[in-house]
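Enquirer: Here it is, the structure, as structure tokens.
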Amino acid sequence: MTTPELLGFQITHRVMRGETRRLAVLAAELTEGGQRADAARAAAIGTYVTKLCAYIHHHHVSEDEVLWPVLERSAGAEVDLRDLSDDHSELDPLLAEISGQAKIFVSTGDAARLAALLTRLADMLDEHIEEEERLLFPIIRKYVSVADWEKVEKAVRKGGDVRTELPRIEEYARPEELVRLRKMAGPALTVMLSLFRGGHRRRKRLVYGSLAGL
Ligand SMILES: [Fe+2]
């Protein structure tokens, strides 16, 4: 391969946007009474939200610390990262606030503030990620070496738990993308997916209830 493969990154972005939006809808339904959470479900939702925030935070830190220097070195004047970096600094305190609010939800059962914050995060991520892909993907394809790109992907992957990340990729990849991924990863992917799929579905069913879409 001579150009970086961006599919994994693209699907990761889709996961972050999709899960944040879905949690925002869930929190709104919990507030309005369309969904109910007993203590076990509330705790599972709290953990899920906190882990997603940590995952999104790690993704941005990897971009700041690994991808940005790679881009500055390879593409130099072709790329202006200031707006995207500003977005990252705006997203960080919001992620921290959401994690704090998730804990408050677990102890009080009140999801109203959590719903508002998650909706704001989902809107910000939609805008930020669309901008990032529009601006950076062509530059990455044109200027970044496959070796450098692999370094970036490795740094991003470090933040995830493989038992959650792999089944999520399967969930968010389009069928033709999944075929490509299976071809790239070989039979190990199929084996790992069959190991982790069940646990992932159980966790999602507990968190999302009838919104799980499984
Ligand atoms: Fe970003």
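Enquirer: Return the residues of region 51-72 that are within 23 Å of Thr119 (Cα to Cα), more than 12 Å from the ligand (Cβ to nearest atom) and surrounded by fewer than 18 Cβ atoms within 10 Å (Cβ to Cβ); say none if nothing qualifies.
Expert: Lys51, Ala54
Enquirer: Can you work out which of the residues in region 73-100 that are acidic (Asp, Glu) and over 30 Å from Ala112 (Cβ atoms) is farthest from the ligand (Cβ to nearest atom)?
Expert: So, considering only residues that are acidic (Asp, Glu) and over 30 Å from Ala112 (Cβ atoms), the one farthest from the ligand (Cβ to nearest atom) is Glu78.
Enquirer: For region 109-124, state whether one or more residues are modelled with pLDDT of 95 or more, surrounded by fewer than 18 Cβ atoms within 10 Å (Cβ to Cβ) and among the basic types (Lys, Arg).
Expert: Looking through region 109-124, at least one residue is modelled with pLDDT of 95 or more, surrounded by fewer than 18 Cβ atoms within 10 Å (Cβ to Cβ) and among the basic types (Lys, Arg).
Listed here are the residues, each with its yes/no results for (1) closer than 20 Å to Gly159 by Cβ; (2) free of Cβ contacts under 8 Å to residues at least 60 places away in the same chain; (3) assigned to a loop (DSSP other than H, G, I, E, B).
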residue: Arg14; (1), (2), (3): yes, no, no
residue: Thr20; (1), (2), (3): yes, no, no
residue: Ala24; (1), (2), (3): no, no, no
residue: Glu29; (1), (2), (3): no, no, no
residue: Gly46; (1), (2), (3): yes, no, no
residue: Thr50; (1), (2), (3): yes, yes, no
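Enquirer: Checking Leu91 against (1) without any contact (Cβ under 8 Å) to a residue 40 or more places away in the chain; (2) farther than 19 Å from Arg21 by Cβ, which single condition isn't satisfied?
Expert: If we test Leu91 against (1) without any contact (Cβ under 8 Å) to a residue 40 or more places away in the chain; (2) farther than 19 Å from Arg21 by Cβ, just (2) comes out false.
Enquirer: Name the residues in region 105-159 that are closer than 15 Å to Arg21 by Cβ and basic (Lys, Arg), would you?
Expert: Arg120
The values are calculated or read from the model by the stated rules, or taken from the named source; none is laboratory data. Since the model is a prediction, treat every value here as computed from it, not as a measurement. Positions of Cβ are backbone-derived with ideal geometry, glycine not excepted, and every protein chain shown enters the neighbour counts.
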